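Shown next, in structure tokens, is the structure this report addresses.
Computed from the coordinates by the stated procedures, all read-outs in this text should not be read as laboratory data. Keep in mind the model is a prediction, meaning the values are calculated, not measured. Every residue, glycine among them, receives a Cβ derived from its backbone with ideal geometry; neighbour counts consider all protein chains shown.
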Amino acid sequence: MIEQQATAGPLRQQRFRDIRIILRLMVRNPLSLAGLVIIVIFVLVAIAGPYLAPFPREAEGAPDLMHQLLPPSFQYLFGTDELGRDIFSRIIFGTRISLATSAAVVASAIALGMPLGAVAGYYGERLGAIIMRITDMFLAFPPLLLALAVAATLGGSMLNAVLALIVTWWPWYTRLAYSQALATRNLPYVEAARAIGVGDPVIVARHILPATLAPILIQATLDLGSAIIAVASLSFLGLGAQPPTPDWGLMINTGKTYFLQHWWYATFPGLAILTLVVGFNLLGDAIREAIDPKLSRRRLI
Amino acid sequence: MVKGLGQYVVRRVAHAIVVILGVILITFIVSHVIPGNPAALWVGAHPTAQQIQAAKETLGLDKPLPVQFYIYITNLLRGDLGVSIRTHNPVLSDVAVGLAATLELIIVAFIMAVTAGILLGVYSAAHRDRVPDHFGRVVAIFGVSMAPFWLAMILQLVFSQALGLFPLGGRLTTSVSIIYPVRPITGFNLIDSLIEGNFIAFTDTLWHIFLPALALAAYPFGLTVRMIRTMMIEVLQENYTRSALAWGLPSRMILFKYALRNAVSSTVIALGMSFAYALTGAFLDEIIFVWPGLGTYTALSILALDYPAIMGTVIVVAIFYVTINLLVDIFQAFLDPRVTL
């Protein structure tokens, strides 16, 4: 308890101050605000999807063969697909899928990678070396390639695509947590905790893991954007969502047969991906710039 | 210093070998251990019971795992990746042909990305926090946020289908490939046609490669702009920049002659990072433009459930990628002695 009072108080204050500085810098930067607005809009669309979509049944896959491949109009804002389904409604339903799958990939990768990295960094020595060598082996694959192999083996489905991406994604967080843990393990408050006899597992859970959290959350913001593209890429290869799921990547995949004659088919799902990923990148970039002291000095030229 | 470099190279090569063994182990686990039915996948669509049994025996799936791994790794060392179900060629030769075409595409894309990226990055940094900078940053962010296959489709739609400026896909016009065929020497069409003085095939390949390379260039372009901008901003705050300004050197000279030189090394790192992305990005890009590289090969393999071809491509590309990383690291150590410390 003594150790907690001595360290947790100032540490928490410090963390709050950091967050305030980041928030202030972000508000000053119009681009990051734009990113935040984009993300909030997409989240709202994901939540309210069924109430917003003009044709919810078509979004879930019900065909309407009277209205095949119609160009955008007031009735069908983004046109219709080869089964006559409203693309606008399907994109709205797809928002939920995209956000949920990418969040699942990133969250699971963190849940798996962060503790491993913290343990490797704190214990160092042999255990740490083993964990990090294994991590290196996974990092040796170009990211989407290993996911492709795993997804191809498991068979194409959304769940398998997510699993495949988790398999390729966790080592990045292990490495990040590892370097953070290395930097923290000999700080005075950790040594103090050790000196008064706090056990190693408790130190890792109470002091090392929280210290790795901030950089990992920033990385996660940026990664959500990449995860959306990765999920879409697997669906595009036919290894992700299967019809009639209103998944953006799958829509582009089916759209590729038709889009040279019917430009709207693949264009709008792709624009949805682009906008959402731009949102995450704008936000992540601004946070990164806000916390990088090297970039905060004045300019000469 | 040379001694340090030698030791570093030895250490780095040893590390790469361990990593390659790991890569082999992981692909083995993926193809032999995780559930899913590798034997059925190996046979292809609509297998019969006898075929599956035969596949199990060829793959050695009835033997204990360590024995399976031994067979797997010895086959691999002999360059035996199995036979493609779809093309009936040895997977290794299929992959070698595809790899050259894919690399050609990536290299052209990188040349485009780096040239444009450096210019815009310097421009952005020189006008930091003003309108041109915001423009540069937004362009860069759009570059890294684009799904490569979607950008490929949009380019194809606009520049090939609507404007008719570029071909819809392929690597050579059919008539050109018949009248002025390119003999494969290096596997790179652009180089092979130049060696033989076949300028018609050369320009025709350039004409075909432009759009797919452009689609692939978006990501490394965005990354280069960001890296160059960040590094330039740092360098422009250094004392030597201040001195150069005080001496009255023109700002263009400061930017391009002094500052840019110091930003280049980090750009090399950025490009190394985006190479992995470009490899898989090219996979998706090629499908749209029917570029006869590894991506088109893999996509057709996935459609045909051609499992040996998929796993063969994955392992060759992964080993190739580890090797490239090794070379980049050694090259960097050669340029910057601090790396070997």
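Which of A:141, A:42 comes first, and how do the rest follow, when ranked by fewest Cβ neighbours within 10 Å? Kindly include the intermediate steps, with their values, before the conclusion.
Values: A:141 28, A:42 19.
Listed from fewest to most nearby Cβ atoms, that is A:42, A:141.
Using r as the Cβ-Cβ distance of residue B:324 and residue B:242, and R0 as 35 Å, what FRET efficiency do you calculate, to the nearest 0.05? Present the calculation step by step, with values, prior to reporting the outcome.
Values: r = 39 Å, r/R0 = 1.11.
FRET efficiency, residue B:324 to residue B:242: 0.35.
Can you list the HN-Hα couplings for segment B:302-319, worked out from phi with the Karplus curve (6.51, -1.76, 1.60; θ = phi - 60°), rounded to whole Hz and with x for Gly and Pro?
5, 4, 8, 6, 7, 5, x, 5, 4, 5, x, 4, 4, 6, 5, 5, 5, 5
Could you tell me which residue out of A:183, A:89, A:276 lies farthest along the dipole of chain A toward its positive end? Charges go on the beta carbon: Lys and Arg +1, Asp and Glu -1, centred on the Cα centre.
Most positive-ward Cα: A:183.
Please name which of A:166, A:235, A:251 has its Cα lying farthest along the dipole of segment A:33-295 towards the positive end, using unit charges on Cβ (Lys, Arg +1; Asp, Glu -1) and the Cα centre as origin.
A:166
With 10 angstrom as the radius, rank B:63, A:256 by how many other C-beta atoms surround their C-beta, starting from the fewest.
B:63, A:256
Under a point-charge model restricted to the Cβ atoms of Lys and Arg (+1) and Asp and Glu (-1), what is the dipole moment magnitude of the protein assembly as shown relative to its Cα centre, in debye to the nearest 20?
Once rounded to the nearest 20, the dipole reads 2160 debye.
Angle, helix A:158-184 long axis vs. longest principal axis of chain A, Cα atoms, 0 to 90°, nearest 10?
20 degrees
Say R0 is 30 Å: what FRET efficiency, to the nearest 0.05, do residue B:50 and residue B:96 get from their beta-carbon distance?
FRET efficiency, residue B:50 to residue B:96: 0.40.
Each label point is 7 Å from the Cα along the Cα-to-Cβ direction; what then is the distance between the points at residue B:252 and residue B:65, in nm?
The answer from the label model is 6.5 nm.
Compute the acute angle (0 to 90°) between the alpha-carbon long axis of helix B:2-28 and the principal axis of greatest extent of the alpha-carbon atoms of chain B; round to the nearest 10°.
Compared with the principal axis, the helix lies near 40 degrees.
What's the FRET efficiency of residue A:37 with residue A:183 using the Cβ-Cβ distance as r and R₀ = 35 Å, to the nearest 0.05?
Numbers: r = 35 Å, r/R0 = 0.99.
The calculated FRET efficiency here is 0.50.
Take the alpha carbon atoms of the protein assembly as shown, find their radius of gyration, then divide it by 2.2 N^0.38 Å using N residues; give the quotient.
After normalising by residue count via 2.2 N^0.38 Å, the value is 1.02.
Treat the count of other C-beta atoms within 10 Å as a stand-in for reagent exposure and order B:12, B:171, A:133 from fewest to most.
A:133, B:12, B:171
Run lengths n ≥ 4 of DSSP H only: what is the helix-derived mean residue ellipticity at 222 nm for chain A, with -39500 (n - 2.57) per run over all residues, to the nearest 500?
It lands at -25000 deg cm²/dmol.
Applying the Karplus parametrisation 6.51 cos²θ - 1.76 cosθ + 1.60 with θ = phi - 60° to the phi angles of segment B:130-138, what ³J(HN,Hα) value in whole Hz is obtained for each residue in order, glycine and proline being reported as x?
10, 3, x, 5, 4, 4, x, 5, 5
Whole number please: convex hull volume per residue, Cα atoms of segment A:33-295, in Å³. Spell out each step's value before the answer.
Numbers: hull volume 39.3 nm³, N = 263.
Here the figure is 149 Å³ per residue.
Amide H of residue B:83 versus every other amide H placed in the peptide plane: which residues, excluding those fewer than 5 positions away on the same chain, fall under 5 Å?
B:91
Residue by residue, what Karplus-based ³J(HN,Hα) values in Hz, rounded to whole numbers, does segment A:54-67 have, using 6.51, -1.76 and 1.60 with θ = phi - 60° and x for Gly and Pro?
In residue order, the calculated couplings are x, 10, x, 5, 5, 4, 7, x, 5, x, 9, 5, 6, 10 Hz.
Using a basic spin-label model with each label point 7 Å from the Cα along Cα→Cβ, how many nm lie between residue B:186 and residue B:303?
For the pair residue B:186/residue B:303, the computed spacing is 3.1 nm.
How tilted is helix A:143-154 with respect to the longest principal axis of chain A? Cα atoms for both, answer in degrees (0 to 90, nearest 10).
70 degrees
Only residues of segment B:85-120 count here: report those whose backbone N is under 19 Å from the spot 7 Å along Cα→Cβ of residue B:261, or say none.
Flagged as within label range: B:118-119.
Scan around residue A:64 for amide H atoms under 5 Å from its own, H built in the peptide plane at 1.01 Å from N, and keep only partners 5 or more places away or cross-chain.
Amide H neighbours of residue A:64: A:84, A:85.
Please give the per residue volume of the convex hull enclosing the alpha carbon atoms of segment B:202-280, rounded to a whole number of Å³.
Taking only Cα atoms, segment B:202-280 has a hull volume of 111 Å³ per residue.
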